[in-house]
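The block underneath contains the structure these notes are about, expressed in C-alpha cells.
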Amino acid sequence: MEARQAFLVKCLSTGLMLSDSIGYLLLQLELEMVVMNWLSKLLQLPRSFSFSNDGDGGGVLLGTTCEAIICTLLAAKEKMLDKIGRTNTEKLVVYCSDQTHVGLEKAAKIVGIKPENVRKVLTTKSTNFKLTPESLNDVIKRDVESGLIQIYLCATVGTTSTTTVDPLAPLCELSSKYNMGVHVDATYAGSACICPEFRHFLDGVEGASSFSFNAHKWLLTNLACCCLWVKDKSALTIPLSTNSEYLTNKATESGQVVDYKDWQIALTRRFQALKLWMVLRSNGVTGLRAFIRNHVKMAKNFEGQVTMDSRFEIVVPRYFYVVCFRVSPCSINEHHGKNYEANEFNHKLLESINATGLVYMTHSVVGGVYFIRFSVGATLTEDRHIQLAWELVQGKATSLLGTQTPKTASYSDNPKEET
Ligand SMILES: Cc1ncc(COP(=O)(O)O)c(C=O)c1O
C-alpha cells in the first residue's frame, strides 16, 4: 500500500472510532467478513473456509502468522483433550518439517505442548526440502506405537529458507487417516496464489483445517496483516472465548455479527479490514496480479543470469521471487584448491556484496549448504536494480575467486513460459 493510502486509512479508521465507537465496531466486523470472503474467492479457497449460511467456516485478520499458529494449535489441542481427557496433554504430538518456521515451536511452548513432542521431520535435497508423506508417515507410525496422539501438522507453502512448497494433497490425506488437523502456513507465497498460474501450489488445501498468509509480505499491504481462515470456527472460538458483563452487547447477542475477539489472543483489535479493502479496491485483481507477476519475472531474470555464469549454481529451484544460489564448490576448488570451504567462501561473498550498501541479500543453510538468497520483494524494484545486483554479485565473485568475469550473452526471458 502506498504511504498516502496508508495515511488515509489510518486517519479514516481513527476518525470513525472517535465518531461512534459501537457503530465503528459493527462496521469493522462486517467489513472484515466481507473482505475475508473476497480474498478467499480470489485465492480459490474451498467454500468451507468462507462465511456462509450453510457452513462453519470463516476468516479473520490477525497481526502475524505466529498468532495464527498459536490460535489454531490451541484449537486442535483443546478439541483433542475434550475427547481423551484433560490429563493427557503429555501424549499430544505436533508435526512439521525441519524447514517449518520456528514460530511453530514457540507456539507449542505457549499452548503447553512439550518441546520434545514437536516432531521436525527431516527433509532432503533429493525432494528439494519438501516434507514428504512417506517420511511423515514413518515418524507418525513410531509415535502411534508409543501410544502418542497426533493433533496438528503444519505444512508450508513457501518455506522461509528456500520457499519450497510441501505437497498439500498427500499430506492432508495422510493426516486425515490419523484424525490430525492440518494448518497450511503460506505466510509469504500465499499472495502469489491469487494468480491462476500459481494456484496449483494450493492444490489439496481443501483437506486442511486452516490456512493463513501474510498480506503484508507480498500483497501491497502495510505491516502487520495475517489472514487466517478456518473450516470449523467453533473449534477456535470455544477455547478462545471469554465473557464478562462489560463485554456484553446487543449485536453479539443477536448473532448477526461475528465476535472476532473470540478468534484471537487479544480483545482489542485494529481496523485491518479497511486497510485490505483499500488495497483490493485501489489495485483491483488485475493490478495485484500484475504486481506479483512482475516480481516473479524479475527473479526469473536474475536466476537466468546465474545459470548462464558457470561459476555459480542454483541451490534449490526457484518458485516465486527468491533465488537461492552460491558459487559452486567446483569453481572454488579450481581457483583456491581443495582446502577452501564452499560455505566459508559464499559467506565472504555475501558479506562483500552487502558491504557495498547498494543491495542487501540474506543467507540460509539447508542440508549443510550455505547459500545466498536474492529476494525481489520490495514494491519499487525495477529491472535496472536486478541488473545492478547481478553485476555486483559477478564482480565480487570475480575478485574473491581471482578470475575474470566470463563474457556471457545476456539472459533473455522466454515470454511464452508462465513461471
Ligand atoms: C513460512 C513462514 N511462516 C511463519 C513466519 C513468521 O511470520 P510472522 O512474523 O508473521 O509470525 C515466517 C516469517 O517470515 C515465514 O516465512
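Could you tell me whether the range 365-382 includes any residue that is modelled with pLDDT under 95, among the small types (Gly, Ala, Ser) and under 29 Å from residue 290 (Cβ atoms)?
Yes, the range 365-382 has at least one match.
Here's a check for you: in the range 313-347, which residue that is surrounded by fewer than 20 Cβ atoms within 10 Å (Cβ to Cβ) and in contact (Cβ under 8 Å) with a residue 40 or more places away in the chain is nearest to residue 188 (Cα to Cα)?
317
What number of residues within the range 225-243 are outside any strand (DSSP E or B) and in contact (Cβ under 8 Å) with a residue 12 or more places away in the chain?
Selection size over the range 225-243: 13.
Name the single residue that is nearest to the chain's Cα centre (by Cα) among those in the range 139-181 being part of a helix (DSSP H, G or I) and among the polar types (S, T, N, Q).
175
Would you mind finding the one in 175, 146, 191 that is among the small types (Gly, Ala, Ser), within 16 Å of the ligand (Cβ to nearest atom) and not assigned by TED's automatic domain parsing to the domain that holds residue 377?
Matching residue, one of 175, 146, 191: 191.
Quick one: which of 136, 104 is within 13 Å of the ligand (Cβ to nearest atom), hydrophobic (A, V, I, L, M, F, W, C) and assigned to a helix (DSSP H, G or I)?
104
Among the numbered criteria (1) more than 30 Å from residue 363 (Cβ to Cβ); (2) modelled with pLDDT of 95 or more, which one does residue 261 miss?
All conditions are met except number (2).
Of everything in the range 27-51, what is outside any helix (DSSP H, G or I) and out of contact with any Gly (no Cβ under 6 Å at 6 or more places or on another chain)? Give them in sequence order.
The answer is 43, 44, 45, 46.
Can we say residue 365 is assigned by TED's automatic domain parsing to the domain that holds residue 394, surrounded by 15 or more Cβ atoms within 10 Å (Cβ to Cβ) and of a type in the set (Val, Ile, Thr)?
In short, no.
What single numbered condition from (1) over 20 Å from residue 77 (Cα atoms); (2) touching a helix residue (DSSP H, G or I) at 6+ places or on another chain (Cβ under 6 Å); (3) of a type in the set (D, E, K, R) fails to hold for residue 245?
(2)
Here are 202, 220: which of them is more than 16 Å from the ligand (Cβ to nearest atom), closer than 24 Å to residue 285 by Cβ and crowded, with 20+ Cβ neighbours inside 10 Å?
220
Take residue 136 and tell me if it is more than 27 Å from residue 259 (Cα to Cα), touching a strand residue (DSSP E or B) at 6+ places or on another chain (Cβ under 6 Å) and aliphatic (A, V, I, L, M).
yes
Assuming residue 41 fulfils every condition listed in (1) away from the ligand (no atom under 16 Å from the Cβ); (2) over 22 Å from residue 203 (Cα atoms); (3) at pLDDT 95 or above apart from one, which condition is it?
(2)
What do you reckon, is residue 75 within 16 Å of the ligand (Cβ to nearest atom), crowded, with 18+ Cβ neighbours inside 10 Å and of a type in the set (Gly, Ala, Ser)?
The answer is no for residue 75.
Can you tell me which residue within the range 266-315, out of those that are among the aromatic types (Phe, Trp, Tyr) and not in a helix (DSSP H, G or I), is farthest from the chain's Cα centre (by Cα)?
312
Every residue in the range 248-275 that is farther than 14 Å from residue 29 by Cβ and aliphatic (A, V, I, L, M), please.
Residues satisfying the conditions are 265, 266.
Only one residue in 266, 215 is touching a residue at least 12 places away in the same chain (Cβ under 8 Å) and among the hydrophobic types (A, V, I, L, M, F, W, C). Which one?
Exactly one residue qualifies, and that residue is 215.
The values are calculated or read from the model by the stated rules, or taken from the named source; none is laboratory data. Given the structure is predicted, the values throughout are model-derived calculations rather than measurements. Note that we place each Cβ from the backbone using ideal geometry, even for glycine, and neighbour counts take in every protein chain shown.
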